[in-house]
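Here's the structure, in structure tokens; my notes come after.
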Amino acid sequence: VRAGCGAARRRTRPVRLAAVLLLGLLMALTTAPARSATTTDTGSTPGDPRTAALPGSFQWSSSGQLISPKPDGSHNIVAVKDPTVVQHNGRWHVYMTTANTAGQWSLAHTSFTDWSQAASAPHTYLDTNPDIGNRYAAAPQVFYFAPRDEWYLVYQTGLPSFSVNSDPGNPAGWSAPRNFQNSMPDIIRDNIGDGHWVDFWVICDDTMCYLYSSDDNGQLYRAETTIGEFPNGFRDTRIELQDTNRFALFEGSAIYRVQNTDTYLLIIEAIGSDGRRYYRSFTSQGLNGQWQPLAASEANPFARANNTTFPGGAWTQDISHGELVRAGSDQTMTIDPCRLQLLYQGQDPGAGGDYSQLPWRLGLLTQTNPTC
């Protein structure tokens, strides 16, 4: 640049003018702002990598208890847990597991336009839907499957099950459950030990859909089918991650595509050395890549009490089964890394007794150290 400026002084005024214009253009290009990452993205085209940065460690701030049980004359609810959340037509829709005083598990729905309304929003119990009925159902996931123009509610009934609907805001509209797989695959049966086959999660890329599940015994599994076959055809179940410490890869896995990239984020619930629940995280380039630890230890977790502040008071020491708030609603499960939030379950640290009677409530984490 210095040589160019010296030569310009020996040339005619038009040449000097051209050089000035060129310099101004270069300065404008190098100082142009990065493209905003606030738009909803449900496709798979890579974009500006500056929107994709995930930190190597995370910091969070937690709300208080946002969603609590709402018992009525026929529902003696003591806990709400395992939330899934999606935004549709200007409203948040949360589906969740419920537990009653008899230890029975079912599902419920609530909806609101702003998180400040979550505590007062009414609950609709899905056992009142005659197609679902009074049956064991737990650990929901809700998403829109664009190729079939249908909404899917994935949940466990002892098997990986799903219902379909045209509107996630209509709990009465869910169809009777069908199974993704009608029996436990041999590879799970051979490794599950005294665990349980739980917490089913679906995510799709451009050509394939994947069904993830856990066994409470240190294994994360994955089955696959094609976009065209979905929701049928899940096969080739394999072990995706494995740990000799069953509590390190316990349950509650969720997998997301990082917006505008080919990077995927896996979060999975673990039980720490203190007996408290927390989340570990891994990343992969593509859903067929190798998962690499991101924030995956008790000292450097994805989300745990030790990297969370509670401005309103620490109402829980567990950061347990939850779901990241997505940038869209479709089967790609896309998240915006510039504004991570996690809707999770927590409980009174002094509670004890049977697991079904623990007083789980829902709160919202907001990341306080985003990189973009």
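Some notes on this structure:
- Our coupling estimate for the range 339-346, obtained by passing each phi through the Karplus curve with A = 6.51, B = -1.76, C = 1.60 and θ = phi - 60°, is 8, 6, 9, 10, 7, 9, 9, x Hz, Gly and Pro reported as x.
- Difference of contour (0.36 nm per residue) and Cα-Cα distance, residue 235 to residue 368: 43.9 nm
- The chain - charge dipole about Cα centre, Lys and Arg +1 at Cβ, Asp and Glu -1, debye rounded to 20: 2320 debye
- Positive-end residue of 234, 319, 366, charge dipole of the range 233-372 with Cβ unit charges: 366
- Pairwise FRET efficiency - residue 186 versus residue 120, Cβ, R0 = 45 Å, nearest 0.05: 0.40
- As a calculated quantity, the FRET efficiency between residue 53 and residue 74 at R0 = 35 Å, using C-beta atoms, amounts to about 0.10.
- Packing, as the average of other Cβ atoms within 10 Å across residues, places the peptides 114-120, 270-276, 259-265, 360-366 in the order 360-366, 259-265, 270-276, 114-120, highest first.
- Backbone amide hydrogens, once placed in the peptide plane, bring residue 253 within less than 5 Å of 269, excluding anything fewer than 5 places away on its chain.
- Stokes-Einstein translational diffusion, the range 80-216 - Kirkwood Rh over all Cα pairs, 0.692 mPa s, 37 °C, in µm²/s: 208 µm²/s
- Listed values (1) 15; (2) 63; (3) 21, entry calculated as percent of Cα pairs over 38 Å apart: (3)
- Applied to the range 115-122, the Karplus parametrisation 6.51 cos²θ - 1.76 cosθ + 1.60 on θ = phi - 60° returns per-residue 3J(HN,Hα) values of 4, 5, 9, 4, 5, 9, 5, x Hz, with x for Gly and Pro.
- The angle between the Cα long axis of helix 13-30 and the longest principal axis of the Cα atoms of the chain comes to about 10 degrees, rounded to the nearest 10.
- Cα gyration tensor shape for the range 277-372, rounded if a/c is under 1.5, else prolate or oblate: prolate
- Cα→Cβ-extended label distance, 7 Å offset, between residue 148 and residue 242, nm: 3.2 nm
Each reported figure results from applying straightforward, stated rules to the coordinates on display, with no laboratory input. Nothing here was measured: the structure is a model prediction, and the numbers come from that model. All Cβ positions, even for glycine, are placed from backbone atoms using ideal geometry, and neighbour counts span all protein chains on display.
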